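Enquirer: Here it is, the structure, as structure tokens.
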Amino acid sequence: MRPASRPAGRAAAEEGAVRGRGVPAAALRAALALGLLIGFYLLAVLVLVALAVLDVVLARGPGFTVVALEGYLGSLAIAWCVLRVVLLSRGRGDGRGGPSGLSPTPREQPELWRRVRDLADRVGTRPPAEIRVIPGAGAMVQEDARWLGLVAGERRLFLGVALLIGLPEDELDAVLAHELGHYAHHDTRLGGGLLWALHSRLLNTVHTLRHRAAAEEAGQKATFEARAARRRVAGAPPVKREPTRGPDHYLALVFSAYARLCLRLTEAVSRRQEYAADLVAARIAGRDTTAAALRRIPVLEAADDLYVNGYARLGWEAGLLPPEGQFYGGLALLLADDTRRAELKALSEEPLPQDTPPERSPYDTHPPTADRIAALEALPDDGRAPAFARRPASALLRAPDSLFAELERVVLSPEALAGRRVPWADLPSLARRERWTRGAGPLLEAMAQVAGAAGVAAPPGVPRLAHLLDLFDHGLLYDIAGRLPKSAEAGRSSGRAAREFARTALRSALRQLALLTALETGLCRWELCWAGPPARRVAPDRLTEALEEALDHAVANPPRTAPLRALLLGGAGSAFDGMAPPPPASPWPPPHTLS
């Protein structure tokens, strides 16, 4: 990538003006945050003062009345809530440690650190002391400033691993320059700690008040329902009563309104900061490159979400993981697929709709991406179009596979890391094998219990499905169905309803065993597919339809097991030719196990 030259024209003028007034503007933002934080406590004090004035008015009234007593008790309850929840509560921490991730040292990743430090020098700010690689496609910066931002603190840069995998090198420069621009404009210093404190106090107060109000309302409802039940037992008509709202509810309304006001003011400031940081990125990486990065990141976020939830977690419930380093690093495989690459390229180059304005909210921390891109494209052309052949950002990493593997060990839980690593090619089939084995487990256990009680042992080498169907043919189907786990609704039912519940449960479990048998016998298999759904089934035509038809016959009254045997156990394919429909649904015989 050729060195970036300083732009001329309006872009340079605007960005220079922003930098020139960076400290004063940051001081004004800090003053706003400090004023809102003081206002939060002042609001609580005003509530207490209003209660005191109300008590004085009641005390000057005509003697001691029931109304005055209720007023005193109510003011005491509200004052206690204000003192306990608003003034004495410290919250659960502001979460300023940031998301968990891997923090490579300059020795471990020299090229990445060199690039960040070089960009910080060009932006004109102090580089971060820590670069933390985190999951996802986001980037952010923090600074542990002290004394309301007057004393600088340690800086941290958080960089999503998907950005390193999916962005070209020059677009990663734009992302990094944008984040470093927040440092240059003192966005993370003056006012940063105050905003964290303000948001933490507001969120903790509103959440606590709403939780207390909901708990009080639920307690009242439970008390009223218990009283109504006792009256019904005594033969008296129940008295319908609605819960009354206590002081927590009304205090939650007051502080929620103040929280909305604070968010409107502070997030409006945050949106202006994003535009200013975009100007820094345009100066460093180029206007068109910065706009291209803004277009690509939402698409990359969607691709990363699809990859993690659809591919990396494909065997999650079965305790299976992709090869080491591929839980996050395997995104590169998805992006390398021709079909996926074409889809993502088309999405990133899709023109923004001009007739429908993007949705806006006064509580958004960032302006709409379309507005940010439009602001960038309105800048004068700086003559720095993105290069045709660009290195991927992952070229900055030393031994990227090792970094991705270490990121897994830092982020994933010990329970997840205990999963078995399997090759990508085997992951779809093994995941389904584990799922269907668990699904068929209760049926196999019930089969073993019934077979043991009847003294019918499975002959050596006979598949489990064949032995189960033999038991069906010997009239033990209903006994097996009666031993399957029951839902709460099925446990409360009896007669025909109970038999229908048992039949449905039996068919569901039998289907799991049938699918497992088809997989084990090679009748069907599952392949990994990067271009479509993560797992693609490869099986003979009409297998699904024939299997559902054969299952209906197997659990009918009386059961017909021949079609299922023919389909999965090597029988003649002609068993499906001219197959008669299952017998009409009729009540199963009512053995004691189902009644």
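All of the numbers you see were taken from the coordinates with simple rules; none came from a lab. Here the structure is a predicted model, which means the values were calculated and not measured. In this analysis, Cβ positions are derived from the backbone assuming ideal geometry, glycine residues included, and neighbour counts consider all displayed protein chains.
Enquirer: Compare the Cα positions of ALA550, LEU468, PHE501 along the charge dipole of region 424-576 (+1 at Cβ of Lys, Arg; -1 at Cβ of Asp, Glu; about the Cα centre) and return the one farthest towards the positive end.
Expert: PHE501
Enquirer: Now for a different question. Residue by residue through region 41-53, what is 3J(HN,Hα) from phi via Karplus (6.51 cos²θ - 1.76 cosθ + 1.60, θ = phi - 60°)? Round to whole Hz and write x for glycine and proline.
Expert: Karplus values, whole Hz, x for Gly and Pro: 6, 5, 4, 5, 5, 5, 4, 5, 5, 4, 5, 5, 4.
Enquirer: On to the next question. Tell me, Kirkwood radius of region 424-576 from alpha-carbon pair distances, in Å?
Expert: 16.5 Å
Enquirer: Another one. In percent, what relative contact order does region 460-556 have, based on Cα pairs under 8 Å that are 6 or more apart in sequence?
Expert: Relative contact order for region 460-556 comes out at 21 percent.
Enquirer: Right, something else. Could you list GLU154, GLU301 in order of exposure, starting from the residue whose Cβ has the fewest other Cβ atoms within 10 Å?
Expert: Ordered by Cβ neighbours within 10 Å, fewest first: GLU154, GLU301.
Enquirer: How do VAL56, VAL175 rank when sorted from fewest to most other Cβ atoms within 10 Å of their own Cβ?
Expert: VAL56, VAL175
Enquirer: Lysines near LYS221 by alpha-carbon distance under 23 Å, same-chain residues fewer than 8 away left out - which ones?
Expert: Candidates past the 8-residue exclusion: LYS240.
Enquirer: With N residues in region 154-241, what two-decimal value do you get for its Cα radius of gyration over 2.2 N^0.38 Å?
Expert: Cα Rg divided by the expected 2.2 N^0.38 Å: 2.26.
Enquirer: Could you pull out every residue, at least 5 positions away or on a different chain, whose amide H is within less than 5 Å of the one on LEU321? Hs are placed 1.01 Å off N in the peptide plane, and Pro or chain starts have none.
Expert: Amide H neighbours of LEU321: ARG420, ARG421, VAL422.
Enquirer: Sticking with this one: What does the charge count around ILE131 come to, taking other residues whose C-beta lies under 15 Å from its C-beta (Lys +1, Arg +1, Asp -1, Glu -1)?
Expert: Taking every Cβ under 15 Å from that of ILE131, the sum is 0.
Enquirer: Short version: ³J(HN,Hα) in whole Hz for each residue of region 310-321, in order, from phi by Karplus 6.51 cos²θ - 1.76 cosθ + 1.60 (θ = phi - 60°), x for Gly and Pro, what are they?
Expert: x, 10, 4, 9, 4, x, 4, 5, 8, x, 10, 10
Enquirer: Please check which bits of region 237-266 a label hung off ALA228 would reach, taking the label as a point 7 Å along Cα-to-C-beta and the cut-off as backbone N under 14 Å.
Expert: It comes to 237-244, nothing else.
Enquirer: Show me, for region 493-504, the HN-Hα J-couplings you get by feeding each phi into the Karplus relation (A = 6.51, B = -1.76, C = 1.60, θ = phi - 60°), rounded to Hz, glycine and proline as x.
Expert: Couplings: 8, 8, x, 4, 4, 5, 5, 5, 4, 5, 5, 5 Hz.
Enquirer: Please report MET447, MET140 as a ranked list, fewest other C-beta atoms within 10 angstrom at the top and most at the bottom.
Expert: Arranged by neighbour count, lowest to highest, MET447, MET140 become MET140, MET447.
Enquirer: If you wrap a convex hull around the alpha carbons of region 191-341, what volume per residue comes out, as a whole number of Å³?
Expert: 249 Å³
Enquirer: Now for a separate question. I need the peptides 116-122, 236-242 ranked by packing, meaning the mean over residues of other C-beta atoms within 10 angstrom, with the highest value on top.
Expert: 116-122, 236-242
Enquirer: Let me check I've understood the local charge: for ARG114, count other residues with C-beta under 15 angstrom from its C-beta, Lys and Arg +1, Asp and Glu -1. What total comes out?
Expert: Residues near ARG114 contribute 0 overall.
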